[in-house]
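Peer 1: Structure below; questions to follow.
No value in this document is a laboratory result; all are computed from the given coordinates. Because the structure is a prediction, the values reported are computed rather than measured. Positions of Cβ are backbone-derived with ideal geometry, glycine not excepted, and every protein chain shown enters the neighbour counts.
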Amino acid sequence: MAEHVATGSRSGLRSALPLLLPAYLWLTVAIFLPLSAMVFFSSMTELPLSGKAWSFTLENYATFFSERLYLTLLLASLRLGLEVTLWCVVIGFPAAYVLAKVLKGRSREAIFLLVILPFWSNGLVRIFSWAMVLREGGILDTALNAVLPFKINIDVMYSYPAVVIGLVHSYVPYMVLTCYLTLQAIDDSLIEAGRSLGASRLQMLRRVIIPLSMPGLVAGAALIFVPVVGSFMEPRILGGRTGTFYGTVIEDQFVAVFNWPLGAALSFILLAVVLVILALTSPVLRRAA
Amino acid sequence: MATTRILEWLGRLYIWLLLAFLYLPIVIMALMSFNVSPFYQLPFEWTTEWYASLWQNDQLISATSNSIEIAVITTILCTALGTAASLAFYRYEFRGKKFLQALLFPPIAIPWLITGTAMLIFFFGVGIGRGLFAILLGHVALALPYVIVVVSARLQTFAPELEEAARSLGANQWQVTRRVTLPWIMPGVIAGGLFAFAVSFDQFVVSYFLSTPGQTTLPVEIYAAIRKGFTPEINAVSTIIIVVSMALMLLTARFFKFGGEK
């Protein structure tokens, strides 16, 4: 019997292969080989193509651990990731709850679409739009001064909060989306049962709704945290001189300083951090699937 | 009951506040593209001069046509390769299938900064170098997993008996695929294709690392312009982009229900 299954699966692969091969060849050439090449290059002294002599070295990794700057920046990026993720939970979860449990029918569908629509529009343009709002003499500045009786100067642009605002704006739809999916799956009768047994709203939230929507929260957090740690365009535009993070240093190695081996090493360290985070969150996600 | 009413009302208000947070900056940016002052000064005075001056900007026009060209080719390649792979996953059982499916996640989950720099190093190392071809290689790889996921989701609703029936009536594999399976999954294929177009057209990070001064895409050109200083022309071109990509997504939503609504 087992043998029969085995032969069956082998012939399955033979039929499947022609259909799969083009897609996976492409992914290999453009994703998997490059990622492997990055590990290789990160342990070189020079680029082989530069014509200079090169040899293998661990120096690029040593640089990361010996110079405090890189570690500090990585920690700053991790902190930024945590902060942005936290704000996305605080802002996104209630919105997902209202969408899943309060709104009904067509209005729910329409508003849901409106919330996730920006998420597929151009991220660069959305960050730029915040520059319009936050800069001195911008809309926020003008509007507040028109309303308030005293004169204030909004100077949020080119600061840490500006970077956080821009990133939260970019990523909060992810959180709404993932939380909405898990909240929608919670049976309304479960909530009614709890209520009729005398649980208060707060108890329901803490004991039933939040535990059941954990997979959505974790998925959203992973989807937000990972790209934020690797962000460089957002801090550059909204952070100005205060916007130096781990991602911007990697960018510099490739487009300004041209120390590609060091850039590759820094990228690879980031990849390792990302993989650890994804591995830590995957049990929660698998339980949900 | 009264508390429930109030809470529901607060909930609705909250959603509208969130929508304001999401859309106000975009609306303001768009309004500024119609304002006379080059320094975004109020009061607002209507003009379309910034849009007119876009037509004089050859660099921007060539970057735009590059972007569209790459997005169209990416769409065609991704729908073809992605649909084929989805059909293979749907039809056949084989060892390593789970592994191959899991391999679709790295391109989605790994930050584009890492993928982009890795591609730059590798393409440079093997002699492909930078430029439009390298950008196309990268875009197809980034969009492919999305297409496979979307088309596979649509295939879940397809009854395998239909293929069986067609086969027992004497149709060969190609006829079955073309006449029975493809028409059914067409909405998924179209949605996947639109996704691919959006991923490519909006892609900045990977294009940024793979572009050269002459061979670049629109988002890369905009980033360079933003770093030089803000001008209403950037607002104008940004407004066009945002309208195009939102229209695309609305179109996609017609073919593919997000969030598994019944």
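Peer 1: Using a 7 Å offset from the Cα along the Cα-to-Cβ direction at both B:Leu169 and A:Arg14, what is the distance between the two label points in nm, to one decimal?
Peer 2: 3.0
Peer 1: Treat region A:67-189 as a sphere of radius equal to its Kirkwood radius over Cα pairs and apply Stokes-Einstein at 10 °C in a medium of 1.306 mPa s; give the translational diffusion coefficient in µm²/s, rounded to a whole number. Let's see the in-between values first.
Peer 2: Numbers: Rh = 16.8 Å.
Answer from the Stokes-Einstein relation: 95 µm²/s.
Peer 1: Considering Cα pairs under 8 angstrom that are at least six residues apart, work out the relative contact order of chain B and quote it in whole percent. Can you show the working numbers first?
Peer 2: Numbers: 262 pairs, mean separation 78.5, N = 262.
Contact order relative to length: 30 percent.
Peer 1: OK, next. Taking amide H atoms as placed 1.01 Å from N in the peptide plane, list the residues 5 or more away in sequence, or in a different chain, whose amide H sits under 5 Å from that of A:Met44.
Peer 2: HN-HN under 5 Å from A:Met44: A:Thr57.
Peer 1: Continuing with the same structure: So what are the ³J(HN,Hα) numbers for region B:200-215, from phi and the Karplus equation (6.51, -1.76, 1.60; θ = phi - 60°), rounded to whole Hz, Gly and Pro as x?
Peer 2: Ordered by residue, 3J(HN,Hα) equals 6, 5, 8, 5, 10, 4, 5, 4, 4, 6, 9, 8, 10, x, x, 10 Hz.
Peer 1: Also: Within 10 Å of each Cβ of A:242-250, how many other protein chain Cβ atoms are there on average?
Peer 2: Numbers: counts 0, 0, 0, 0, 1, 4, 1, 0, 5.
The per-residue average across the peptide is 1.
Peer 1: Per Stokes-Einstein, at 20 °C and 1.002 mPa s, what whole-number D in µm² s⁻¹ belongs to region B:14-153, with the Kirkwood radius over Cα pairs as the hydrodynamic radius? Show your work: numbers first, answer last.
Peer 2: Values: Rh = 19.2 Å.
My calculation gives 112 µm²/s for D.
Peer 1: If I model a spin label as a point 7 Å beyond the Cα along the Cα-Cβ vector, how far apart are those points for B:Glu69 and B:Ala20 in nm?
Peer 2: 4.6
Peer 1: For chain B, with a Gaussian network of springs between Cα atoms less than 10 Å apart, report the residue from B:Gln59, B:Gln175, B:Gln203 with the top mean-square fluctuation.
Peer 2: Maximum among the listed residues: B:Gln175.
Peer 1: A further question on this structure: Total Lys pairs in the protein assembly as shown closer than 30 Å by alpha-carbon, pairs eight or more apart in sequence or interchain only? Walk me through the intermediate numbers first.
Peer 2: Values: A:Lys101/B:Lys257; A:Lys101/B:Lys262; A:Lys104/B:Lys257; A:Lys104/B:Lys262; B:Lys97/B:Lys257; B:Lys97/B:Lys262; B:Lys98/B:Lys257; B:Lys98/B:Lys262.
Lysine pairs, 8 or more places apart or on different chains, close enough: 8.
Peer 1: Hey, what number do you get for the protein assembly as shown at 222 nm if only DSSP H runs of n ≥ 4 count, each worth -39500 (n - 2.57), divided across all residues, to the nearest 500?
Peer 2: Helix-only estimate at 222 nm: -23500 deg cm²/dmol.
Peer 1: Can I ask one more? Take the Cα gyration tensor of chain B, multiply each eigenvalue by 5, square-root it, and list the three semi-axes largest first, rounded to whole angstrom.
Peer 2: On the way: eigenvalues 299, 161, 61 Å².
Values for chain B, descending: 39, 28, 17 Å.
Peer 1: Averaging over every viewing direction, what projected area does the convex hull of the Cα atoms of region B:171-220 cover, in nm²? Display every interim value, and only then the final one.
Peer 2: Values: hull surface 20.0 nm².
For region B:171-220, the mean projected area of the Cα convex hull comes to 5.0 nm².
Peer 1: Using the Kirkwood radius over Cα pairs, work out the Stokes-Einstein diffusion coefficient for the protein assembly as shown at 20 °C and 1.002 mPa s, in µm²/s as a whole number. If you can, show how the numbers build up before the last one.
Peer 2: Details: Rh = 25.5 Å.
Result for D is 84 µm²/s.
Peer 1: For q values of 0.15 Å⁻¹, compute log₁₀ I(q)/I(0) with the Debye formula on a Cα-only model of region A:135-274, without solvent.
Peer 2: -0.89
Peer 1: If you consider only alpha-carbon coordinates, what radius of gyration and Dmax does chain A have, in Å?
Peer 2: 24.3, 84
Peer 1: Compute the normalised compactness of region A:190-240: alpha-carbon radius of gyration over 2.2 N^0.38 Å, N being the residue count. Intermediate values should be presented prior to the final figure.
Peer 2: Details: Rg = 18.4 Å, N = 51, 2.2 N^0.38 = 9.8 Å.
Against the empirical 2.2 N^0.38 Å value, I get 1.87 for region A:190-240.
Peer 1: Another question, if that's okay. Dividing the convex hull volume of the Cα atoms of region B:106-227 by its residue count, what figure in Å³ per residue is obtained? List each step's numbers first, then the result.
Peer 2: Details: hull volume 16.3 nm³, N = 122.
Cα-based convex hull of region B:106-227, divided per residue, equals 133 Å³.
Peer 1: With just the Cα atoms defining each centre, how far is region B:121-148 from region B:203-249? Give it in Å.
Peer 2: So the two Cα centres are separated by 19 Å.
Peer 1: Something else about it: Just the ratio, please: alpha-carbon radius of gyration of region B:70-136 over 2.2 N^0.38 Å, N its number of residues. Can you show the working numbers first?
Peer 2: Details: Rg = 14.9 Å, N = 67, 2.2 N^0.38 = 10.9 Å.
Normalised Rg, Cα atoms only: 1.37.
Peer 1: A further question follows. Can you tell me how much longer the chain between A:Asn145 and A:Thr72 gets when fully stretched, taken as 0.36 nm per residue apart minus their C-alpha distance, in nm with one decimal? Write out the running numbers ahead of the final one.
Peer 2: Details: separation 73, 0.36 × 73 = 26.28 nm, distance 3.80 nm.
Full extension of this stretch gives 22.5 nm more.
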